[in-house]
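My questions all concern the structure below.
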Amino acid sequence: MGEATQAGRSHPLGATVRDGGVGFSVYSEDATGIELLLFDGVGDRQPSRTIPLDPRRNRTYHYWHVFVPGLRAGQLYAYRAQGPFEPARGLRFDPSKVLLDPYGRCVAVPSDYDREAAASPEDNTAVAMKSVVADLSAYDWEGDEPLQRPFSQTVIYEMHLKGFTRHPSSGLADGRRGTYTGLIDKIPYLKDLGVTAVELLPIFHFDPLDAPPGRVNYWGYAPVSFFAPHPAYGSKLEPLSALDELRDLVKALHRAGIEVILDVVYNHTAEGDERGPTLSFRGLQNDAYYILEPDRARYANYTGTGNTLNGNHPVVRRLILDSLRYWVKEMHVDGFRFDLASILSRDESGRPLANPPVLFDIETDPVLAGTKLIAEAWDAAGLYQVGSFVGDFWKEWNGRFRDDLRSFVRGDRGTVSALASRMLASPDIYGHEEREPEQSINFVTCHDGFTLNDLVSYDGKHNEANGEDNRDGADDNRSWNGGVEGPSDDPEIESLRLRQIKNFHALNLLAFGTPMILMGDELRRTQLGNNNAYCQDNELGWLDWTLLDRNRELHRFLRKLIALRLGRELAAGEHGLSLNELLHQAKIQWHGVRLGQPDWGEDSHSLACTLRSLSGRWLFHLIVNAYWEPLAFELPEPPSGRAAGWCRLIDTARPSPHDIAEPDEAEVVDDLRYLAEARSLVLLLADNR
């Protein structure tokens, strides 16, 4: 039976190893009784020990707590909660369900885990997930700390942790493919590419069965825990190994100078709507954790996933803040990208707030000072806050950048002026806020949508493999296949597609703001036209490493482009100015095919500009021709003192290795006219030293 338990204390929440045992604390306002369940094995049909918590001895306000001597790290545990099942009051207690600890630091999943059992009237003990006690003090960080690299020096690589190394072509041993340790093996690749941060799709523990029948949730936007790393990404069977392996990964990335940004989902959980499973939050205090409809029996669905986390409820606010602090203090991560961040601006009835408490809590928290905070500033119910997201510190995914660049490169009419704005960090969106240009997180592709290869290879989505008759996924892709839908053996089409991919990369990396690149876009990774591969945990969603040998030219182009980005002095050059200061002080002159005569008309498909740094040292001339024929552009006179004239850094129409060059190796352009080939980008440099 073990030693007698002690009353314990309400703080800290979760399971804490101390004083020869473990203290437990969990929140529930309306429970009439709580039981702590201890297990010897994750698939046990019954707990090895059940500890009822006495409301007079083991409850302080709404917190239920107990101290159990003799327990240590690795102990499996869970809760049962008794209370009213009254959906009309927003309460859904179910004592037949085993509940995870909302603050559990690790989760163990039985091999026969059954999501449906958590939604049925039957007891689900044997097939339920269990929390695991963790001792966080045992790990040696060897002096590691978050890197706090400025956004002005940041290039983000968005990636799926499993998908990056899971493919057999990764060259890793079977037990390391698709794991935290497998990613460590590939750090030299990332360092050579030159990216400075990896943005990992969700690695909080999620429910892979939260998907249509016969499918799996591959992306991980189905959180079960906001503190536990996903155990399936560990290379060992022991649940606690995932903690150490993830910390080893963070430490190894930091040693390579690469930051770790986590894609976090604080907008919903895997418990779904009123028909969904009871895994944790629903069974402990349903009406606190979720925004409910006025009838209290149904869930508000601003996420498109069945429920919406009640982020501005005091208890949920604390949960989110504690989670973020935990990942910074204990796991040393450098930043967070908030999925559907606009949801956190909604109050308990779903109305947007002018000053959302949870968002300002996050922005002003001293533990999070210096941490990268990136918002996906919209939600699935029409709330769109790009350019108006609250606070002074947040950066934002710029969906307008993606859409406008796609339209321009495709050759759409009336897109030239929009391109100019996007290249200057979108002053029409952000200029009023007196913010730095890096507020705009620029991207052409991300996990949600086409890969860059598919963007230039498909006119429409091809999501039949998802089993929803191609109804899922976005219809507005602004893609162009170049003349043939899907793969092509035509050399001219393939040459055009490669050039268009280079154009996209160059525009993204040369624009003001913070660039983000999608995993595999440097290798022409394809999903065969699937623009919603959330359920494709297979070779369709994984990175095929044989593409590296087949696409060395593109890989080289992007690697040199990133190096140019991080070593350049564009316009003001001296980073740290606000966006308006940058645009007011920098010498930027727009042109068309003739100097000083930009064509902003509906029928224009080309643009050029000259940018001079305040120091006067660097002079860049950029030409972008999205027209389907070559165009001759006039060039300005190079600055006096530059005898060699203009040097060609980039011309996406030229064959490798002449498509991109380092400044010291660039070829000289003697003429003051430059013939830009159809659908190409050119960057010239004059260095007045």
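The values are calculated or read from the model by the stated rules, or taken from the named source; none is laboratory data. Quantities reported herein were computed from a predicted structural model and do not represent experimental measurements. Here the Cβ is made from the backbone with ideal geometry for all residues, glycine too, and neighbour counts use every protein chain on show.
Checking the condition buried (at least 20 other Cβ atoms within 10 Å of the Cβ), of a type in the set (Lys, Arg) and at pLDDT 95 or above, which residue from Arg413, Arg422, Arg471 passes?
Arg422
Next up: Being at pLDDT 95 or above, of a type outside the set (Gly, Ala, Ser) and either part of a loop (DSSP other than H, G, I, E, B) or touching a Cys at 6+ places or on another chain (Cβ under 9 Å) (or both) narrows it down to one of Asp404, Asp459, so name that one.
Asp459
Of all the residues that make up the stretch 323-378, how many are within 18 Å of the chain's Cα centre (by Cα) and aromatic (Phe, Trp, Tyr)?
Total satisfying the criteria: 4.
Which residues, counting only those in the stretch 247-279, are under 21 Å from Asp339 (Cα atoms) and not β-branched (Val, Ile, Thr)?
Glu259, Leu262, Asp263, Tyr266, Asn267, His268, Ala270, Glu271, Gly272, Asp273
List the pairs whose first member sits in the stretch 530-541 and is touching a residue at least 12 places away in the same chain (Cβ under 8 Å), whose second member is β-branched (Val, Ile, Thr), and whose Cβ atoms are under 7 Å apart, counting only residues at least 6 apart or on separate chains?
Cys535/Val216; Asp537/Val216
When the stretch 291-315 is examined, which residues are found to be in contact with a helix residue (DSSP H, G or I) (Cβ under 9 Å, 6 or more places away or on another chain), surrounded by fewer than 24 Cβ atoms within 10 Å (Cβ to Cβ) and touching a residue at least 40 places away in the same chain (Cβ under 8 Å)?
Leu292, Asp295, Arg296, Ala297, Tyr302, Thr303, Asn312, Val315
Among the residues of the stretch 360-372, which ones are in a loop (DSSP other than H, G, I, E, B), touching a residue at least 40 places away in the same chain (Cβ under 8 Å) and not charged (D, E, K, R)?
Matches in the stretch 360-372: Gly370, Thr371.
Just the residues that are within 36 Å of the chain's Cα centre (by Cα) and either of a type in the set (D, E, K, R) or surrounded by 16 or more Cβ atoms within 10 Å (Cβ to Cβ) (or both), please, taken from the stretch 45-63.
Hit for the stretch 45-63 is Tyr63, nothing else.
For the stretch 391-401, which positions are modelled with pLDDT under 95 and either outside the structural domain of Leu452 (by TED's automatic domain parsing) or in contact with a strand residue (DSSP E or B) (Cβ under 9 Å, 6 or more places away or on another chain) (or both)?
Within the stretch 391-401, Gly391, Phe393 meet the criteria.
Quick grid of which residues meet (1) in a helix (DSSP H, G or I); (2) under 20 Å from Gly513 (Cα atoms):
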| site | (1), (2) |
| --- | --- |
| Ala354 | no, no |
| Val358 | yes, no |
| Ile374 | no, yes |
| Gly391 | no, yes |
| Val409 | yes, yes |
| Leu419 | yes, yes |
| Asp428 | yes, yes |
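Are any of the residues in the stretch 86-98 over 36 Å from the mean Cα position of the chain (by Cα) and surrounded by 21 or more Cβ atoms within 10 Å (Cβ to Cβ)?
no
Can Asp428 be described as out of contact with any Phe, Trp or Tyr (no Cβ under 7 Å at 6 or more places or on another chain), within 24 Å of Leu561 (Cα to Cα) and among the acidic types (Asp, Glu)?
no
For the stretch 166-198, name all the residues that are polar (S, T, N, Q), over 19 Å from the mean Cα position of the chain (by Cα) and part of a loop (DSSP other than H, G, I, E, B).
Answer for the stretch 166-198, where residues must be polar (S, T, N, Q), over 19 Å from the mean Cα position of the chain (by Cα) and part of a loop (DSSP other than H, G, I, E, B): there is none.
Restricting the search to the stretch 626-660, which residues are crowded, with 20+ Cβ neighbours inside 10 Å, outside any strand (DSSP E or B) and either in the same structural domain as Arg497 (by TED's automatic domain parsing) or at pLDDT 95 or above (or both)?
Ala626, Leu635, Thr652, Ala653, Asp659
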